[in-house]
Amino acid sequence: MLRRAGPSLRHFLLERKSSAGYSSYSSEATMSRPVQARRLEGIDKNIWVEFVKLAATYSTVNLGQGFPDFPPPDFLKEAFVRALSGENHLTHQYTRAFGHPPLVKILAQFYGKLLGRDLDPMTNVMVTVGAYQALFCCFQAFVDEGDEVIIIEPFFDCYEPMVKMAGGTPVFVPLTPKAPKDGKLMSSADWQLDPAELASKFSERTKAIVLNSPNNPLGKVFSRGELELIADLCVKHDTLCISDEVYEWLVYDGKEHVRIASLQGMWDRTVMIGSAGKTFSATGWKVGWIVGPNRLLQHLRTVHQNSVYHCATAAQEAVAQGFQRELELYGKADSYFVQLPGVLQQKRDWLVQSLDAVGMKPIVPEGTYFLVADISEFKSDIPDVPNSDEPYDSRFAKWMVKNKGLAAIPLSGFYCEAHKNTYSHFVRFCFAKEETTLKAASDILQKWKREKSSP
């Protein structure tokens, strides 16, 4: 074979670099042009990043993050073990992109029973990587530049940035607290929408409203009358409803969870979002789903197939077996969906008493596994920070975790910028914890009370 005479291309390039004063081992030049997409502007801060780090660093008891520290039910763990170790090796491989067939089939059966309609598992149900991805798919699929999306405050914090990333404009309407009579503790039911204010937020630019019932962080379970008000406005203004119902089984004191999709005129314009994490106390599995009409879900499938595409097969298989069990036991005493609310209501009552005893004013939740407490009486404990625009509840939560070892989340993090300081005298606690965790929290609070009362 003949070789061309003369230096190689690599030798030529190295000589050229050397003659220009560069070492062949010099570091790469850094980019100077902006790299961040405009859609990320103003949404880089996240309350969970900051407070999860604080809890990990300082807390003895973490009642901040919303996850149980007790295990999922045995039947679900056993189903996962079977999915992983059984003879069907395909549970280790890709399954159907829009949902593992056994899971979408049982979800269609289950929600068909709840809604009183026949659901097609292939077109009326889609499985997602948790409810978080379900929400992302909804906003990406439905919201365009210039569209407005109504968000009820307080709201789960991802709604606002997800709307903005999609190019939409969030429009906020607050739940307003009304003082209870006879000196009773306030309930989440005392936080209500003003019908006239809600109606004023709808316009020709309104594309959707986000409904979260039971509501995180407040624990409010919207009544049938409140849902009918929202439904009538959706129908009148031809508006979509993104219904985040991840806490659908966690309702207390005999309250009823009403699915807005079951109301007149709402099925065709509603997507319902659910979560195995909240339903079966397995938040780390990240299995969620969306139920709705095919005319809406077809667009969600487009987003899903071009982003995440697929969810963990073994986890879906286990959740499918869990739902099969619950369908067979529906409404019976042995049903996990019946038992879990009873257990959590006792935990709620324990934490309510502990907070009330030390002078915090808990707002008794009708649902979820969160409760909000008024911390107005503790302002003298918190060092003042002159010229700071940080909300009081944020400063309180940071001070409490650093000085008392108890982690909570400031409620102002669940409000838009304009309303943060209006509702900055509350913090959110999670009571989905083992009795030992709640007792440790109670011990911290009791010690704090003694310190406050001592001269």
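The values are calculated or read from the model by the stated rules, or taken from the named source; none is laboratory data. All values reported here derive from a predicted model rather than from experimental measurement. Glycine gets a Cβ as well: all are built from the backbone with ideal geometry, and neighbour counts include every protein chain shown. In case anyone asks, the SASA skips ligands and DNA or RNA and just uses the protein heavy atoms, side chains included. Shrake-Rupley method; radii C 1.70, N 1.55, O 1.52, S 1.80 Å.
Once Rh is set to the Kirkwood radius over Cα pairs, what Stokes-Einstein translational diffusion coefficient, in µm²/s, holds for the stretch 301-367 at a temperature of 25 °C and a viscosity of 0.890 mPa s? Don't skip to the end; give the middle numbers.
On the way: Rh = 15.6 Å.
Translational diffusion coefficient: 157 µm²/s.
So for GLU148, GLU245, what's the accessible-area order with a 1.4 Å probe, most first? Working shown, then result.
Details: GLU148 30, GLU245 5 Å².
Result of the area sort, largest leading: GLU148, GLU245.
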(request) Considering only DSSP beta bridges where both residues belong to the stretch 186-328, give the percentage that are antiparallel (nearest 5). (result) 30
(message) Straight-line reach from LYS286: which aspartates and glutamates fall under 20 Å, measuring Cα to Cα and dropping same-chain residues less than 8 apart?
(response) ASP69, ASP74, GLU78, ASP157, ASP244, GLU245, GLU248, GLU317, GLU326
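Could you put TYR415, TYR423 in order of accessible surface area, largest first, with the 1.4 Å probe and the full protein assembly present? Each step should come with its number before you reach the end.
Working: TYR415 5, TYR423 25 Å².
Descending accessible area places them as TYR423, TYR415.
Given a cut-off of 27 Å, name the pairs among LYS45/LYS398; LYS255/LYS278; LYS181/LYS439; LYS178/LYS201; LYS398/LYS452; LYS45/LYS361 whose C-alpha atoms lie farther apart than that in the structure shown.
On the way: LYS45/LYS398 16 Å; LYS255/LYS278 18 Å; LYS181/LYS439 30 Å; LYS178/LYS201 21 Å; LYS398/LYS452 19 Å; LYS45/LYS361 29 Å.
Result: LYS181/LYS439; LYS45/LYS361 exceed 27 Å.
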(request) Considering only DSSP beta bridges where both residues belong to the chain, give the percentage that are antiparallel (nearest 5). (result) 50
(request) Let me see the pair-distance distribution of the stretch 40-129: every alpha carbon pair, 5 Å bin width, integer percents in order. (result) 2, 10, 12, 12, 13, 13, 14, 14, 8, 2, 0
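Under the √(5λ) rule applied to the eigenvalues of the Cα gyration tensor, what semi-axes describe the equivalent ellipsoid of the stretch 74-329? Give them in Å, descending. Before the final figure, lay out each step's value.
Numbers: eigenvalues 198, 96, 50 Å².
In descending order, the three semi-axes are 31, 22, 16 Å.
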(request) Please state the charge dipole magnitude for the stretch 74-329, taken about the Cα centre, from unit charges on C-beta atoms (+1 on K and R, -1 on D and E), reported in debye and rounded to the nearest 20. (result) 360
(request) Give the accessible area for ASP268 in Å² (nearest 10); use a 1.4 Å probe, count only protein heavy atoms, and leave out ligands, DNA and RNA. (result) 80
(request) Mind computing the radius of gyration and Dmax over the alpha-carbon atoms of the chain? Å is fine for both. (result) 25.7, 102
(request) Give the distance, in whole Å, between the Cα centre of the stretch 200-217 and the Cα centre of the stretch 283-343. (result) 24
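Calculate the dipole size of the stretch 321-383 relative to its Cα centre from +1 charges on Lys and Arg beta carbons and -1 charges on Asp and Glu beta carbons; express the result in debye to the nearest 20. Please report the intermediate quantities before stating the final value.
Details: 6 positive and 9 negative charges, 16 e Å.
Using only the charged Cβ atoms, the result is roughly 80 debye.
Would you calculate a helix-derived [θ] at 222 nm for the chain, using -39,500 (n - 2.57) for each DSSP H run of n ≥ 4 and dividing by the full residue count, to the nearest 500? Please list the in-between numbers first.
Working: 14 runs with 175 residues, N = 455.
Mean residue ellipticity, 222 nm, calculated: -12000 deg cm²/dmol.
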(request) Just the number, please: carbon plus sulfur as a percent of the accessible area of the stretch 74-329, 1.4 Å probe, no ligands or DNA/RNA counted. (result) 48
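Would you mind getting the accessible area per residue of the stretch 74-329, heavy atoms of the protein chains only, 1.4 Å probe, in Å²?
On the way: 10080 Å² over 256 residues.
The answer is 39 Å² per residue.
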(request) Can you give me the three principal axis dimensions of the stretch 344-455 from its C-alpha atoms, in Å, biggest first? (result) 41, 38, 19
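How compact is the stretch 92-202 by the rule of thumb for globular proteins, expressed as Cα Rg over 2.2 N^0.38 Å? Numbers along the way, then the final one.
Details: Rg = 19.0 Å, N = 111, 2.2 N^0.38 = 13.2 Å.
In units of the globular-protein estimate, the stretch 92-202 measures up at 1.44.
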(message) Please compute, over every Cα-Cα pair in the stretch 32-89, the percentage with a separation greater than 14 angstrom.
(response) 75
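Considering just Cα atoms, how many Å³ per residue does the convex hull of the stretch 102-164 enclose? Before the final figure, lay out each step's value.
On the way: hull volume 7.6 nm³, N = 63.
Dividing the Cα hull volume of the stretch 102-164 by its residues yields 121 Å³.
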(message) Apply the Karplus curve 6.51 cos²θ - 1.76 cosθ + 1.60, θ = phi - 60°, to the phi angles in the stretch 108-123 and return the couplings in whole Hz, x for Gly and Pro.
(response) 4, 5, 5, 6, x, 5, 5, 8, x, 8, 7, 10, 8, x, 8, 10
(request) Would you work out the charge dipole size for the chain about its Cα centre, treating the Cβ of every Lys and Arg as +1 and the Cβ of every Asp and Glu as -1, and quote it to the nearest 20 debye? (result) 1420
